[in-house]
1. If only one of GLY142, GLY129 is at positive phi and either at pLDDT 95 or above or of a type outside the set (A, V, I, L, M, F, W, C) (or both), which one is it?
2. Specify the residue that is nearest to the chain's Cα centre (by Cα); the eligible residues are those in segment 153-167 that are open to solvent by less than 80 Å² (accessible area, probe 1.4 Å) and farther than 12 Å from GLU105 by Cα.
3. Filter segment 164-205 for residues that are touching an Asp or Glu at 6+ places or on another chain (Cβ under 8 Å) and of a type in the set (Gly, Ala, Ser) and give the result.
4. Identify all residues within segment 68-91 that are of a type in the set (D, E, K, R) and in a loop (DSSP other than H, G, I, E, B); write none if there are none.
5. Looking only at segment 202-227, which residues are outside any helix (DSSP H, G or I) and in contact (Cβ under 8 Å) with a residue 60 or more places away in the chain?
6. Determine whether ALA263 is part of a loop (DSSP other than H, G, I, E, B) and without any contact (Cβ under 8 Å) to a residue 24 or more places away in the chain.
7. Determine if segment 243-260 includes at least one residue that is within 30 Å of ARG58 (Cβ to Cβ), in contact with a strand residue (DSSP E or B) (Cβ under 9 Å, 6 or more places away or on another chain) and either touching a residue at least 40 places away in the same chain (Cβ under 8 Å) or open to solvent by 60 Å² or more (accessible area, probe 1.4 Å) (or both).
8. Would you please name the residue that is farthest from the chain's Cα centre (by Cα), looking only at residues in segment 265-296 that are hydroxyl-bearing (Ser, Thr, Tyr) and within 23 Å of GLY161 (Cβ to Cβ)?
Amino acid sequence: MRRPTRHPRRSAGTIAALVGTLLLLGPTACSSPADHPDPAARAAGGSAAPVPPTPVTRTMPSDITPMLLPSTGAETRWSQGLDTFATLAGNAATRACAHSRGTAEPDTMPGMFLRTMDIPDLPFIQAHGFSGGFAPGEPATGSAGAPKPPSAEQQQCLQEGKKAAQELKGLYAPLQSQWYSQMASLRHTPDVQAAYQRFNSCLAEHGVKAKDEDAVFAQVDQLTQDGDTTATAHLGEIYAACMAPVEAVREPIRAKQRDDFRAGHAAELAALSSSLPKKIHEFEERYGLQIAFPTP
């Protein structure tokens, strides 16, 4: 997903404190343009730690369906780019507002690529771990210390940023949310539940002391806060291996459900295929941004 230079930002410690919550919230939270922390911003002892830049492509897909209705982990990279672009636009609007009012820029979360738990990108996790990483141009470190509460003027600018992000997300989020809710419900189907039982056994076979997927993410959060990048990467490799059989069950179901979903929302998708790219290009010009999508 996207973006240029940023200055005021949340501290590394503040970002880390929210990581576990976001990892566990699933697609609805991860597709929000609100504050989005990421493990990449965390360093041991609360200090900032540089991370390698996330590889990206800036070419939008000719068919925007994967951006809106991802059915595989790889396709979620398109939706990540779209959501992060909305976050960047909101932050840019916030900064512009602060400059116009002659006030300091309020703290904002840097734009980061956030993945969806119900449609895990296993190749990316295998290669890069659980962190989605920062968008291009975003800081690879967080500032030290606790963020300051925004002043009244800064709060107004934050609202301006929220409004700008919603101008974009309002086009596609209602339809996308329906899709994500449908994907989340697959977890409760008998075949997927059986696959998850094998996933839990696989964790135990690899020596991971976690009873289920939520417990794995709790470990990721703790290891991230401890700054143990080696253990976090190893856990990512195990997670990807154990989750592969679950995805083997879910992916064909998702493919069939997306065909049905597209047919049932053909008019909405047709309208978005025109309006969404136009709005993205408008935002790129308005805020001096360029949309970007993570690649393996």
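1. GLY129
2. So, considering only residues that are open to solvent by less than 80 Å² (accessible area, probe 1.4 Å) and farther than 12 Å from GLU105 by Cα, the one nearest to the chain's Cα centre (by Cα) is ALA165.
3. Within segment 164-205, just ALA184 meets the criteria.
4. GLU75
5. GLY227
6. Against the criterion (part of a loop (DSSP other than H, G, I, E, B) and without any contact (Cβ under 8 Å) to a residue 24 or more places away in the chain), ALA263 does not qualify.
7. Among the residues of segment 243-260, not one is within 30 Å of ARG58 (Cβ to Cβ), in contact with a strand residue (DSSP E or B) (Cβ under 9 Å, 6 or more places away or on another chain) and either touching a residue at least 40 places away in the same chain (Cβ under 8 Å) or open to solvent by 60 Å² or more (accessible area, probe 1.4 Å) (or both), which makes the answer no.
8. This residue is SER275.
The values are calculated or read from the model by the stated rules, or taken from the named source; none is laboratory data. Predicted, not measured: the structure shown is a model, and the values here were computed from it. Methodologically, a virtual Cβ is constructed for each residue, glycine included, from the backbone with ideal geometry; neighbour enumeration extends over all protein chains shown. Protein only, heavy atoms only, side chains kept; ligands, DNA and RNA dropped before computing areas. Shrake-Rupley method; radii C 1.70, N 1.55, O 1.52, S 1.80 Å.
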